[in-house]
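Just so it is clear, none of the values below were taken in a lab; they were calculated from the coordinates. Just so it is clear, the model here is predicted, and its values are computed rather than measured. Cβ: placed from backbone, ideal geometry, glycine included. Neighbour counts: every protein chain shown.
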Amino acid sequence: MSPERRERLLMRAGAAVMAAFCLGPFLYMFAVSLSPAPDLRGAWTLANYRAVLGTPSLHFRDYLVNSMAVSALSALFTVAIASLAAYAITRLEMAGKAAVLFFVLAVSMFPQVSLIGYLFRLMSDLGLINTYAALVAPYVAWILPLSLWILVSYFAQIPKELDRAAVIDGCSPFGTLWRVLLPVALPGVLSTALLSFIFAFNEFIFALILTTDHAARTIPVGIAMFQGLHGEIPWGNIMAASALSTAPVLALTAFFQRHIIQGLTRGAVKG
């Protein structure tokens, strides 16, 4: 066997092992969701999906709507704030830019559990417990450091000649950001928005402590609250709910991926 063919086989084998490692839990989740028992005994059925979608006491639809709304608002505010901050850091003359970035990074290293007690008291005093605002505000603060670093890296790669050309055409600083930098950095903006949405969609601790019922509770906490009449764990319902909750994230990922690839291959500045 030639070295080139051996290398191709090893690469394919490694890719297959990695794919099996990553996709294995998801395949098991779907299998259990279609099975009447967690050990996969019996004929496959959609009973678990019908139970999740048709049982009012589970409030699955409410949890899903809450997660979509909270995640979308968090991503929107995060990208808006991070875009303004990234523009200021990469485009404006100011001292201590690196210090600001590292300070933001240092603040983000505080674990959530160390902040949740103070955050709960603050939201209680403001009367925001079990509302979207109680989740969106900490989510934005939690996701903002990562979003800022991503957008700073994208904005820093854009030639400043585009800014000067926009100023000559009469654009204000905000107009330059809106009409020049954001379209050019669209792949980074969409990547940031997608990551922000996923981070907020999967967050558990804040949603567990700051919500009390289905009025604002998100899908991760809602699924964790699934319980049978006698305290048993309904694995079929849990896996069916988990499979359904991945559908919006997969759809958004596919949609954003198309635009990200289009933006990357189109090119912003042609030499």
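The table below gives the values:
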quantity	calculated
Cβ crowding within 10 Å averaged over residues, with 188-201, 104-117, 6-19, 79-92 ranked highest first	188-201, 79-92, 104-117, 6-19
Unit charges on C-beta of K, R, D, E only; dipole of the chain, Debye	720
Inter-site label distance for ASP213 and ALA37 at 7 Å from Cα along Cβ, in nm	3.8
Karplus-derived HN-Hα couplings along the stretch 170-186 (A = 6.51, B = -1.76, C = 1.60, θ = phi - 60°), whole Hz, x at Gly and Pro	x, 7, 7, x, 5, x, 5, 5, 6, 9, 10, 5, 5, x, 5, 8, 4
Using θ = phi - 60° and Karplus 6.51 cos²θ - 1.76 cosθ + 1.60, couplings along the stretch 89-94 (whole Hz; Gly, Pro as x)	6, 8, 10, 8, 7, 8
Dipole of the stretch 57-266 [Lys/Arg +1, Asp/Glu -1 at C-beta], most positive-end residue of ALA166, LEU194, GLN112	ALA166
Relative contact order %, the chain, counting alpha carbon pairs below 8 Å whose residues are six or more apart	31
Amide proton proximity set for THR45, modelled H, under 5 Å, gap of 5+	SER35
Extension gain, ALA19 back to ALA254 (0.36 nm per residue minus Cα-Cα distance, nm)	82.8 nm
Helical mean residue ellipticity (222 nm; -39500 (n - 2.57) per DSSP H run of 4+; nearest 500) of the chain	-24000 deg cm²/dmol
q = 0.10, 0.15, 0.21, 0.22 Å⁻¹: log10 I(q)/I(0) that the Debye formula gives for the stretch 114-239, counting C-alpha atoms only	-0.51, -0.83, -1.11, -1.16
Extension gain, ILE198 back to LEU162 (0.36 nm per residue minus Cα-Cα distance, nm)	9.8 nm
In order through the stretch 202-214: 3J(HN,Hα) via Karplus (6.51 cos²θ - 1.76 cosθ + 1.60), integer Hz, x for Gly, Pro	8, 5, 10, 5, 4, 5, 5, 7, 9, 10, 10, 8, 6
Folded to 0 to 90 degrees: helix 132-156 orientation relative to the chain principal axis, Cα	50
Once the Cα gyration tensor of the stretch 57-266 is diagonalised, semi-axes √(5λ) in Å	37, 21, 13
Separation of the SER108 and SER57 label points, Cα + 7 Å toward Cβ, nm	4.3
